[in-house]
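What follows draws every value from the coordinates through simple rules; no lab data is involved. Bear in mind that the values here come from a model prediction, so they are computed numbers and not experimental data. So basically every Cβ, Gly included, is an ideal-geometry build from the backbone, and we count neighbours across all protein chains shown.
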Amino acid sequence: MVCAGYTKVWDLASGELVTLDGARGTTLRVTRGTLWLTLERDTRDVVLTAGDSFTIDRGGITLIEARGSTTVCVIARHVYEVHRRMHRPTLTERFNSWLDSIDAAADSGRSAPYY
């Protein structure tokens, strides 16, 4: 198994955000995809790709975001984690929003955008 010996395995969707609190000493290993993370009171932005590992070296809040579908192996003891899936509008939702803006412009007497 790719994550043998790890305490958790996260299969994160693109844009999924994980907030860790008190994660000092937690090790993250990316086996698929790309992971962006930033730590509280730290100016670094860390980007991990498949095969990379990182051990969180600070207390406080750590924010992690998947950049594409990502699998992460985690070694952690007592870490509070919150997962949030970010809603990305579909092409249909974006198109409908554009049509709504044209209707709103027509209703207000303004000219509609021309593309």
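Look at the range 22-46 and say how many of its residues are touching a residue at least 12 places away in the same chain (Cβ under 8 Å) and outside any strand (DSSP E or B).
Total satisfying the criteria: 9.
Against the condition touching a residue at least 40 places away in the same chain (Cβ under 8 Å), within 17 Å of E65 (Cβ to Cβ) and surrounded by fewer than 16 Cβ atoms within 10 Å (Cβ to Cβ), how does T19 come out, does it pass?
yes
In the range 22-46, which residue that is in contact with a strand residue (DSSP E or B) (Cβ under 8 Å, 6 or more places away or on another chain) and farther than 15 Å from C73 by Cα is surrounded by the most Cβ atoms within 10 Å (Cβ to Cβ)?
That would be L39.
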